[in-house]
Each structure stands twice: as C-alpha cells, then as structure tokens.
1. Give the dimensionless ratio obtained when the Cα radius of gyration of the range 8-65 is divided by 2.2 N^0.38 Å.
2. Pairs of alpha-carbon atoms within less than 8 angstrom and 6+ residues apart define the contacts here; what relative contact order does the chain have, in percent?
3. Suppose every Lys and Arg Cβ carries +1 and every Asp and Glu Cβ carries -1, with no other charges. What dipole size does the chain come out with about its Cα centre, to the nearest 20 debye?
4. Whole-Hz ³J(HN,Hα) for each residue in the range 53-65, computed from phi via Karplus 6.51 cos²θ - 1.76 cosθ + 1.60 with θ = phi - 60°, x for glycine and proline: what do you get?
5. Positive end of the dipole of the range 4-148, charges at C-beta (+1 Lys, Arg; -1 Asp, Glu), about the Cα centre: which of 95, 40, 124 has its Cα farthest in that direction?
6. So what's the range 4-148 giving for Rg/Rh, alpha carbon basis, Kirkwood Rh from the mean inverse pair distance?
7. Return the long-range amide H neighbours of residue 15 (sequence gap of 5 or more, or a different chain), with a cut-off of under 5 Å between placed amide H atoms.
8. Cα to Cα, under 12 Å, and not fewer than 8 places away if on the same chain: which aspartates and glutamates meet these conditions relative to residue 145?
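What follows draws every value from the coordinates through simple rules; no lab data is involved. Every value quoted in this text rests on a predicted model; they were computed, and no experiment measured them. Using ideal geometry, Cβ is built from the backbone for each residue, glycine included, and neighbour counts are taken over all protein chains shown.
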Amino acid sequence: MVGEKLKNKVETVIADYGDPEQGADLLTLLNEYALDPCGGGEALPTICHEELLQRLAAFPGAFSVLAYQGDKAVGLVNCFMGFSTFMCKPLVNIHDVTVSPSARGEGICTLMFEKVVAEARARGCGKITLEVLEKNLPAQAAYRKVGFRPYALDEEFGRAEFWQRYL
C-alpha cells in the first residue's frame with residue numbers, strides 16, 4: 001500500500017471521455033507514451049487526436065484511469081472488458097499504462113492499479129490481464145509489486161506470450 005502522504009497528493013479518477021479537460025489529458029499522456037521507446041517511439045496518428053475519445057466512449061467496456069498530482073495529469077491506464085471462459089467471469093485487460101517521466105518512482109502506478117482493481121471488482125471480474133515488453137524491467141517490477149505474475153497454465157509448456165496480427 002502506498003503511503004498516506006502520496007495518497008493525499010495524488011487523485012485517481014475514472015476518466016470521463018466527454019469531459020474536454022480529461023480528454024485532453026488522456027490524449028497528452030497517451031501521446032507521451034507513444035513517443036517513448038516502450039510505446040513505439042512515434043507520435044499518435046492524427047486520427048487518434050481527432051477520434052479516439054469518441055471511439056472509446058462508444059466502445060462497450062472501455063474505461064480509463066487518470067492520475068493527477070494537483071491539477072497536472074501524470075498517469076494513465078486504458079482498460080477494456082473481456083471474458084475468461086475458464087473462470088466464467090468477465091475480466092479487465094489493461095492495454096496502456098504510462099506515468100509521466102517527472103512522476104515516475106512515486107507510487108502513481110500502484111495508485112492507478114488500485115483504482116483498476118476496485119473497478120474490476122465492481123464489475124464482477126475474476127481477473128485482470130496485461131502485457132509487458134520482455135525488456136521493460138521497471139514496468140515488470142511495478143506490476144509484480146501490485147500482484148501481477150507471468151501467465152502459465154503448466155510450466156512444462158512455458159509462459160504465455162502475447163502475439164498480434166495486423167489487419
């Protein structure tokens with residue numbers, strides 16, 4: 001649990017995609033993440049700046065957590081609902097996690113994950129999933145700190161890998 005001193009300085013909220021200030025904060029943080037080498041190293045495409053907020057608002061099960069230090073947005077987690085057939089319950093997949101470089105190491109990721117956990121429980125979820133780059137050791141350490149572990153059904157078959165195919 002993060003110390004009370006930090007909790008008093010940081011507020012986490014479920015983003016309102018229709019709120020102009022929160023929307024601008026979400027896009028700024030997501031673009032900051034996209035520019036980072038762990039986010040691909042390229043700015044968000046124009047279509048994201050123009051349409052992402054409306055598309056997120058229209059997408060069933062999408063929600064985002066924003067973290068604020070005072071009035072400055074310093075963290076973002078984008079989440080999407082899914083379903084676990086083996087648990088027969090909904091799940092939350094964390095798709096994007098970012099903390100501004102100036103605020104890293106202050107426990108903001110932990111606070112945002114606490115908000116995601118509370119939202120997942122409120123939605124009756126059985127688990128939360130995420131993917132992390134193999135060499136992003138700081139992110140892995142942050143995720144382990146809040147209870148995430150690599151996924152394996154049977155060690156004989158190894159850990160699960162996240163794959164993709166563009167359409």
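1. The value comes to 1.19.
2. Relative contact order of the chain: 19 percent.
3. On the way: 17 positive and 22 negative charges, 122 e Å.
Dipole about the Cα centre, nearest 20: 580 debye.
4. 4, 5, 5, 5, 4, 8, 8, x, x, 7, 8, 10, 10
5. After comparing all options, I get 124.
6. My calculation puts Rg/Rh at 0.94.
7. The answer is 64, 65, 66.
8. 114
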